[in-house]
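K.L.:
Once you've had a glance at the structure underneath, I'll fire off some questions.
What follows draws every value from the coordinates through simple rules; no lab data is involved. Quantities reported herein were computed from a predicted structural model and do not represent experimental measurements. Here the Cβ is made from the backbone with ideal geometry for all residues, glycine too, and neighbour counts use every protein chain on show.
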Amino acid sequence: MGIPNSINLRNIVWHGFPKPFEIPLYYECVLLIMIHTLGQRVKANNYVINERPLIRDFTTPLDNITNEIKMPIKNISFYEEKIMEIENDFAQDYVPYWLQLCSHYRENNNFHFIMLAMPQIELLLRLHYSHINGVDVSAKLHEYYITMDTIFETEVASNRTTSNTNEDQQKFYNKLLDFAAYPQFQGTFHLIYDIFLCPNGCRLRDKVSHGEVYWQALQNSQLATVVCHIFLNLLTPLTCNTLENYESNLHLNCLNKKLFIKVKNKLLEFASNYNLPSNHIIATKETPKSKVLIFKRPRKESEIMLLIKSIMDNVLQTLENYERSMAKRLVLQAQHELHSKRRKTLEKLQNALPQIFGTLMTLVNASNILYNLLQNNYELVLQDDAKYSKTLRFLKHARTIAENLVRYSHYQSNEWIKSLELCDKFQEIYNKLFLYME
């Protein structure tokens, strides 16, 4: 089960390589005896195992999945009929397995369904990867396996070799991730990212394979439905399109898209409440209405996206701080409880709001321009080292200013006047370092 030169039973089964009839009963017996013997040996030696905490519930991670995707699939019999119509010689060997999966799902045997479906999801991914890229994906003794992690890499290696060899690997782009040519996979892959790949998501495949999940956590019907959507959309991608409109809720690029919408709405609300000009917000270039690009992304992109998210979070917090601060002062003023010094402070703050608001809008618009460039033509930002370095400098300065605006905008801050100094400083940085126009 361990060394690469063995049968490597655990890996080939978990990654979905063997056909159902290719695993003899002998191996099942060996595993049962092994588990029983190991337990006896541990008990005989009085060895205390320090158990790792197990995941007992997937409710919280599932909150990040769109509700429609968690609703029970009512027409599972339709897909059973489609499976029985499959005539491909290779797939014929799997038809009984796939029908059994449908049966498990229909009968709410969620644990069995999820455990048996995950290797098949990887198998189907590998078959699409092989067909579209024209590469051999069979498990070989002296080569790395093509697994789910490999399938979502930007490049395909034509020769898969171990790290101990010196064979050159000719690489070309992974055509499976070309959603202009294969749009049927995009929504499915976004959901796969949220459920299997995202560090902040379920990480279902990894957690289960490493024994970190309490088995009853897999009895979750919503989790089974999400997995079933992935399975069916990979099995019949041209027939089943239930994930056509799904967009990741966890990828940083998608989070930023939603954050821009939230911040823009907050800016418009703030402008309306305090009679501030908002035409610059409305004129801002919209974030992409098509699905956000999360695959085949350049490595440098994530640092910029993290800085953009930090700036947007701080802009949002600054707006909320000013709302609370203004509301409290205006209530005191209405109740005639605002002393003369505080009344003057309120007047100064009201007079300063347009300049502060203008700086917040510029922070948002500059970040939005960069976001759209990365989505539409990232080479304009990343290809030239000098331009990339200057962009990072701008964003890091902008983040620092946004963080300080949060501090000075707090109701209890006695240094709110410093916000105006920050506005002037940001304008200097913007004029000096920001290289992109709408």
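K.L.:
Could you give the length gained by full extension between Ser389 and Gln100, i.e. 0.36 nm per residue of separation minus their alpha carbon distance, to one decimal place?
P.N.:
Going from the current span to full extension adds 98.5 nm.
K.L.:
Here is a further query. Going by alpha carbons, how many degrees (0 to 90, nearest 10) lie between the helix axis of 95-106 and the longest principal axis of the chain?
P.N.:
That helix lies at roughly 50 degrees to the long axis.
K.L.:
Within 10 Å of each candidate Cβ there may be at most 15 other Cβ atoms; applying that plus a DSSP loop requirement, which GluC sites (Glu not before Pro) in the stretch 14-102 survive?
P.N.:
Passing sites in the stretch 14-102 are Glu51, Glu85, Glu87.
K.L.:
Principal axis extents for the stretch 20-127, Cα atoms only, whole Å, descending order, please.
P.N.:
55, 39, 27
K.L.:
Is the stretch 46-106 best put as rounded, prolate or oblate by its Cα gyration tensor, with a ≥ b ≥ c the root eigenvalues, rounded for a/c under 1.5, and otherwise prolate when a/b is larger than b/c, oblate when not?
P.N.:
oblate
K.L.:
Can you give me the Rg/Rh ratio for the stretch 252-433, using Cα atoms for both radii and the Kirkwood formula for Rh?
P.N.:
Working: Rg = 17.8 Å, Rh = 17.4 Å.
A ratio of 1.02.
K.L.:
Tell me what the chain gives for mean residue ellipticity at 222 nm when only DSSP H runs of n ≥ 4 count, each as -39,500 (n - 2.57), the sum divided by the residue total, rounded to 500 deg cm²/dmol.
P.N.:
Only helices count here, giving -19000 deg cm²/dmol.
K.L.:
For a footprinting-style exposure proxy, rank His128, His36 by other Cβ within 10 Å, fewest first.
P.N.:
His36, His128
K.L.:
With +1 on the Cβ of every Lys and Arg and -1 on the Cβ of every Asp and Glu, and nothing else charged, how large is the dipole of the chain about its Cα centre, in debye rounded to the nearest 20?
P.N.:
On the way: 48 positive and 45 negative charges, 420 e Å.
For the chain, the charge dipole is close to 2020 debye.
K.L.:
Using only Cα atoms, find the angle between the long axis of helix 110-133 and the longest principal axis of the chain, and express it within 0 to 90 degrees, rounded to the nearest 10.
P.N.:
Between the helix axis and the principal axis of the chain, the angle is about 90 degrees.
K.L.:
Which of Glu428, Glu403 comes first, and how do the rest follow, when ranked by fewest Cβ neighbours within 10 Å?
P.N.:
Neighbour counts put them in this order, fewest first: Glu428, Glu403.
K.L.:
May I ask you to sort Ile308, Ile76, Ile49 by Cβ crowding, counting other Cβ atoms within 10 Å and putting the fewest first?
P.N.:
Fewest-to-most Cβ neighbours within 10 Å comes out as Ile49, Ile76, Ile308.
K.L.:
In degrees from 0 to 90, rounded to the nearest 10, what is the angle of the helix 25-44 Cα long axis to the longest principal axis of the chain?
P.N.:
Taking Cα atoms only, the helix is inclined about 70 degrees.
K.L.:
For the chain, place one equal point scatterer on every Cα, skip the solvent, and apply the Debye formula. What is log10 of I(q)/I(0) at q = 0.08, 0.10, 0.11 Å⁻¹?
P.N.:
Taking Cα atoms of the chain as identical point scatterers yields -0.63, -0.87, -0.98.
K.L.:
Then there's this: Kindly flag which residue pairs out of Lys140/Lys300; Lys175/Lys262; Lys258/Lys396; Lys262/Lys396 have an alpha-carbon separation exceeding 29 Å in this structure.
P.N.:
Violating the 29 Å limit, Cα to Cα: Lys140/Lys300; Lys175/Lys262.
K.L.:
Also: Which far-off residues, 5 or more places away or on another chain, put their amide H under 5 Å from the one on Val213, with H placed in the peptide plane?
P.N.:
Amide H neighbours of Val213, under 5 Å, 5+ apart: Ile55.
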